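Student: Sharing a structure here in structure tokens format.
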Amino acid sequence: MKKLLLTFCLFVTLVAAAQECPDLLSPVNGATNVPVNTTITWEAVDGIPGYRILLGTIPGSSDLGQASVGSATSYTPPLGLPDNTQIYVTIVLDFLFEGGMDIVCDSQSFTTEDVTTVPACTQLRTPDDGSVNVSVFTNIIWNYAPTATGYRISLGTAPGLGDIENNLDVGNTLSYNPPLELPANTTIYVTIVPYNENGNAVSCEEFDFTTGEVAPLPGCTTLTSPLNGAVNVPLTPLIEWVAVPGATGYRVTIGTTPDNADVLNEAVFTTNSTFVIDFDPNLTFFITITPFNTSGDAIGCSQESFSTLLGCGPFLDLDTGEFVSLNPEFDFPPLFSFCENDDPLVLTAPVIADGYRWFRVDQFGNASLASEDRQLTVSEVGDYQLEVYDLVSQPGDVIECATLVDFEVVSSEIATIDNLRISDTALGLRIEVVASGNGDYEYALDDSNGPYQNSNVFNNVQPGNHVVYVRDKNGCGIAEEVFEQDLTVEGFPKFFSPNGDGINDFWQFIQPEGQNIVLTSIQIFDRYGMFIRQIDQSSIGWDGTLNGRNLPSSDYWFLAIDDENKEFRGHFSLKR
């Protein structure tokens, strides 16, 4: 996005507002060898009801044309672009709801290809090829032929005759209005030949249609409600237009872009009004009304437009240059829990608003209304939604501006401490806490108030008595476990020397004075973790051999488990 400083004149005062302008997406700024029939696309900008695009050969100019495209973020020049030319594109942000003031963005540019071939032929659009009972007042309309810079048209009452128009150069346009009415009840033959600087299209086919009886066509009409260019139109308006004498009906097309018919597509009405239900807010709508009778459709009726209410936004605050929204803003946690065997969970929306809706979402994503109060009582786990809305009065209507958030409810419980795995390292004790339970836990040492950590391992702990705390993050309680003086210091020798001198010939646990520690298992491993021997607390101990063979001097490791299932790990040295 490019940053633009908007400056506009309000009476004699200059007002500036900062606004993001869109980058070109295709062709990108600086692109070369771009096809002359390219479609220009750009980034969408939040809160913009419509765009205008200017095309020119110098920055900011529109000598190659301009168009209002509504909320669309693309535009295809109907007559193509000149070849081998640097084209400047200027995007204008239409803030129609702010009184017609626009934001003109910096120009971006690309260079078109050098066309070296003649154009292809085109196709007749109006009247349809082979159609009958065509009005004698009809216009002739055809499709754009890529790379064409002009067209020649021939009209005749026989194939190839050209007795009405003969190879007339109509320039770079896609329609021709015969100056006189066409002969009635006659087949008219049409040939359209595109051309450019390289020559004429070759072997273009001849089209034909047949006229009907001479009868007056109805004239065009204009909107009376809403008026052309109106803003803040209600979302469910009555569309009215001037009744046309001699018209038996009207074809109405409404779209969100000039070339679109996504609201109504040539819907036929026999009166000069209709309701349209639930327009989208903050958009520009384009409407074409074509009266018709038995002689045909009115010719050359122009397109009109209007813009709907702001709705909930976002829209630009010209005082701050920021986008604002009428939807409630609030923070809501994505996860809640209730403790098993505890009271139901009561949730409260964190903002005062005009209304609330709580939804329960099933496994298929279907939402069902659970409450319309500010509070919700939850007794089961699952996915939920909270919708908070304010009622906003706008001309002719009151609308809801809502914010919807998703959250999950899970169950939790206080932890059970199953084991403490304690091992000796060069820097102190390593304590691994093994806990179980249906919760999300964190761990602290010696202080129930923390600090708590997510890891269940404590390193570099000084020998002595300690208390381990396991706290449920969801508030279901704190479990604790006390362990006494470290056995690796007082109970297990740091070395032994099995050399037969009768001193330290065996390695075995030594009961600390004044204690009664019962070990159910003592296992010995080499430095690579290979199991060597398991000894009993009551045995003489390990003699430093494996299968009758003396093991070398080295460090060895042990794992001892007491009758409370506590684990103690450490290492010792074998010296020979």
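The values are calculated or read from the model by the stated rules, or taken from the named source; none is laboratory data. Note that the structure is predicted; figures quoted are calculated from it, not measured. Cβ placement follows ideal geometry from the backbone for every residue including glycine, while neighbour counts extend to all protein chains displayed.
Student: Sort out which residues of the stretch 215-238 are within 39 Å of the chain's Cα centre (by Cα), among the aliphatic types (A, V, I, L, M) and modelled with pLDDT under 95, and write them in order of number.
Tutor: Leu227, Ala230, Val231, Val233, Leu235, Leu238
Student: Of all residues in the stretch 24-53, which are within 28 Å of the chain's Cα centre (by Cα) and not in a loop (DSSP other than H, G, I, E, B)? Reasoning before the result, please.
Tutor: Taking the stretch 24-53 and keeping what is within 28 Å of the chain's Cα centre (by Cα), we get 24-31, 38-53.
Leu24, Leu25, Ser26, Ile40, Thr41, Trp42, Gly50, Tyr51, Arg52, Ile53, listed by residue number.
Student: Does Pro159 fit the bill of being assigned to a loop (DSSP other than H, G, I, E, B) and modelled with pLDDT of 95 or more?
Tutor: Taking the combined requirement at face value, the residue satisfies it.
Each row is one residue, and each column tells you yes or no for (1) in contact with a Ser or Thr (Cβ under 9 Å, 6 or more places away or on another chain); (2) modelled with pLDDT of 95 or more; (3) not in a strand (DSSP E or B).
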| site | (1), (2), (3) |
| --- | --- |
| Ile103 | no, no, no |
| Val118 | yes, yes, yes |
| Ala148 | yes, yes, yes |
| Ile153 | yes, yes, no |
| Asn166 | yes, yes, no |
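Student: Filter the stretch 424-448 down to residues that are in contact with a Phe, Trp or Tyr (Cβ under 7 Å, 6 or more places away or on another chain) and hydroxyl-bearing (Ser, Thr, Tyr) and give me whichever is surrounded by the fewest Cβ atoms within 10 Å (Cβ to Cβ).
Tutor: Once the filter is applied, the top-ranked residue is Ser448.
Student: Of everything in the stretch 511-539, what is aliphatic (A, V, I, L, M) and surrounded by 11 or more Cβ atoms within 10 Å (Cβ to Cβ)? Give them in sequence order.
Tutor: To start, the set of residues in the stretch 511-539 that are aliphatic (A, V, I, L, M) comprises 517-519, 522, 524, 530, 532, 535.
Answer for the stretch 511-539, where residues must be aliphatic (A, V, I, L, M) and surrounded by 11 or more Cβ atoms within 10 Å (Cβ to Cβ): Ile517, Leu519, Ile522, Ile524, Ile532, Ile535.
Student: Could you pull out the residue among Pro498, Pro451, Pro463, Pro493 that is surrounded by fewer than 19 Cβ atoms within 10 Å (Cβ to Cβ), touching an Asp or Glu at 6+ places or on another chain (Cβ under 9 Å) and not hydroxyl-bearing (Ser, Thr, Tyr)?
Tutor: Pro463
Student: Just wondering, is there one or more residues in the stretch 436-457 that are in contact (Cβ under 8 Å) with a residue 40 or more places away in the chain and assigned to a strand (DSSP E or B)?
Tutor: no
Student: Output yes when any residue across the stretch 380-400 is buried (at least 17 other Cβ atoms within 10 Å of the Cβ) and of a type in the set (Gly, Ala, Ser), and no when none is.
Tutor: The answer is no; no qualifying residue exists.
Student: Please indicate, with yes or no, whether at least one residue in the stretch 509-518 is assigned to a loop (DSSP other than H, G, I, E, B), modelled with pLDDT under 90, over 21 Å from Asp563 (Cα atoms) and not acidic (Asp, Glu).
Tutor: no
Student: Which number in (1) at pLDDT below 95; (2) surrounded by fewer than 18 Cβ atoms within 10 Å (Cβ to Cβ); (3) touching a strand residue (DSSP E or B) at 6+ places or on another chain (Cβ under 6 Å); (4) under 26 Å from Asp472 (Cβ atoms) marks the one condition that Phe338 misses?
Tutor: Of the numbered conditions (1) at pLDDT below 95; (2) surrounded by fewer than 18 Cβ atoms within 10 Å (Cβ to Cβ); (3) touching a strand residue (DSSP E or B) at 6+ places or on another chain (Cβ under 6 Å); (4) under 26 Å from Asp472 (Cβ atoms), the odd one out for Phe338 is (2).
Student: How many residues does the stretch 408-423 hold that are modelled with pLDDT under 90, over 27 Å from Val346 (Cβ atoms) and either buried (at least 17 other Cβ atoms within 10 Å of the Cβ) or not charged (D, E, K, R) (or both)?
Tutor: 5
Student: While we're here: Touching a residue at least 24 places away in the same chain (Cβ under 8 Å), of a type in the set (A, V, I, L, M) and not assigned by TED's automatic domain parsing to the domain that holds Thr248: does that describe Val170? Outline the logic, then answer.
Tutor: Values: touching a residue at least 24 places away in the same chain (Cβ under 8 Å): no; of a type in the set (A, V, I, L, M): yes; not assigned by TED's automatic domain parsing to the domain that holds Thr248: yes.
Judged against the criteria, Val170 is not a match.
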